[in-house]
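Since the structure comes first, as structure tokens, the remarks are kept for the end.
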Amino acid sequence: MSTSVPFRRLKTCLATALLAALPGIAPAESFTDVKPSPQQVAWQDLEFGVIVHFGTNTFLDREWGDGTASPSVFNPDKVDPDQWARAVKAAGVRYMVLVAKHHDGFALWPTDQTDYSVKASPWKGGKGDLVRMASDAAKKNGLGFGIYLSPWDRHDPRYANAAAYDKYYLSELEELVQHYGPLTEWWLDGAGSAGHVYDFAKYVETLRTYQTNAMIFADVALFDYGDIRWVGNEDGVVQGENWNVIDRHGQLRWRPLEVDTPLHKGHWFYSSRPDFGTSLKTVDELMDNWESSVGHGGQLMLGVAPDTHGLLPEADVRRLADFGKALKARYGDAANLVAQHAPTDANTAAALDGDPSTFWSAPNGAANATLEVDLGREVTFDRAMTMEWLDGGQNVHGYAVQVWDGNGWKTVAQAQAIGHMKIDRFAPVTARRVRLNILSAVGTARIREFKLFAVNAPR
């Protein structure tokens, strides 16, 4: 039977509309069409978090428990999450994630779903709730709070039955998301889960019901369910150019990077072994982690580990404080050499005012543009920090930092991606005029902040 042209067009329009409405099916997009959610933008602005590993492993010198440890081993005598929060805040941290249940299945709150938890331990006579204590400490110290609930469970027999375990995991999730919020982040760790099928769609649906603003961390294998993704290493380093939009099997999503690395090299949990003390990262190593993660548009997630008393070791507390001081001295407002500059137009001033809510804007749709700064004096510097306004997407695809040497513009740094923040390091250079040259942009490039610093150069 023949079909009229108008009717065929109607069928095509209806089919297109239905396909667009189906979950998991989206119209084709380019990378620059994909924009972040307001929650993702807010999360990226946090820049620096910590993840706290504390549990039965702490008392057994283990990194990965097998689920056989007796709850009786968990018995800290001075546990103080407020001490944790104060210590990490001194380092410049803005939120704290607690491992509420690691792969061994031991729960740090008195869950109704299993007896394998703090309520079966001698700590506080079985009446303790470490998740509550950590949540309260974070709030008291002005930090966001997040929760890690391991999907892999090496203790609970229900894990062998996918449907039964999904019900169990969801029940634990509901306890945590209903009673310990608001949550900044929810960690979905895929470790040890090869071959196991989880109902992640239901997990996320339930989480979103109670915690609509929580960011879900997951590796790329959980592409459809995560808001943020793993960097792919535990070295504290972003490799290569950092693009917030990634492509998985032809699907494009805004998935900013989280860069996790422990304060003690090779140790997420505390250990009584001698090598734990010698594994503490130096201030220089921590600075390199920060510059190689936050300074490359990622989010630094530093692992800290309370000891068997339930306290961060004093050496760790001092190291965190020293790092916080060093970070402020290097990249704090007082160190920004662009804070003083010659008078300029309002558009340029918006990128120099230290206020990330304002931004310089290139001409609408311009593929090339320059943001030029007259410092009003000769200045020596060796770092440039640039922050892109990401609400409208990651539009800068190529840029250069250049100085006027009296005869022409000299390039001191050049790359492709800026993103949330990009710190460029180069040999010390002295100049009065500096510019950010946008070599390639799609859409309209917008720069929240442009700063200069002298790290290994006289100020």
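Derivation of every value follows stated rules applied to the coordinates shown; laboratory data play no part. Since this is a predicted model, take the numbers as computed values, not measurements. Counting neighbours? That spans all protein chains shown, and the Cβs are built from the backbone with ideal geometry, glycine included.
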Note to self: C-alpha centroids of region 266-297 and region 322-390 sit apart, in Å, by 30
DSSP beta bridges in the chain: the antiparallel percent, rounded to 5, is 60
Quick calc: nm separation of the 7 Å Cα→Cβ label points for Ser357 and Ser440 -> 3.5
Zone reached by a paramagnetic label modelled 7 Å from Gln39 Cα along Cα→Cβ, restricted to region 212-254 with backbone N below 11 Å, covers 212-217, 226-228
At the level of C-alpha centres, the distance separating region 120-148 and region 420-459, in angstrom, is 42
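Exceeding 32 Å between C-alpha atoms, which entries from my cross-link table qualify? They are Lys78/Lys325; Lys325/Lys422; Lys127/Lys281; Lys139/Lys422. Could the numbers behind the result be given before it?
Working: Lys78/Lys325 27 Å; Lys325/Lys422 21 Å; Lys127/Lys281 36 Å; Lys139/Lys422 30 Å.
Distance filter (> 32 Å) returns Lys127/Lys281.
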With +1 on the Cβ of every Lys and Arg and -1 on the Cβ of every Asp and Glu, the dipole magnitude of the chain about its Cα centre, in debye rounded to the nearest 20, is 800
Note to self: C-alpha centroids of region 244-265 and region 401-419 sit apart, in Å, by 28
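So if I place +1 on the C-beta of Lys and Arg and -1 on the C-beta of Asp and Glu, and nothing else carries charge, what would the dipole magnitude of region 344-420 be about its Cα centre? I want it in debye, nearest 20.
On the way: 3 positive and 10 negative charges, 44 e Å.
Around 220 debye, computed over region 344-420.
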If the chain between His196 and Lys328 were fully extended at 0.36 nm per residue, the gain over the current Cα-Cα distance would be 43.0 nm
Candidates for Cα extents along the principal axes in Å are [x] 94, 61, 51; [y] 82, 74, 32; [z] 77, 71, 41, and the calculated one carries label [y]
Mean separation of Cα contacts under 8 Å (at least 6 apart) over the residue count of the chain, i.e. the relative contact order in percent, is 16
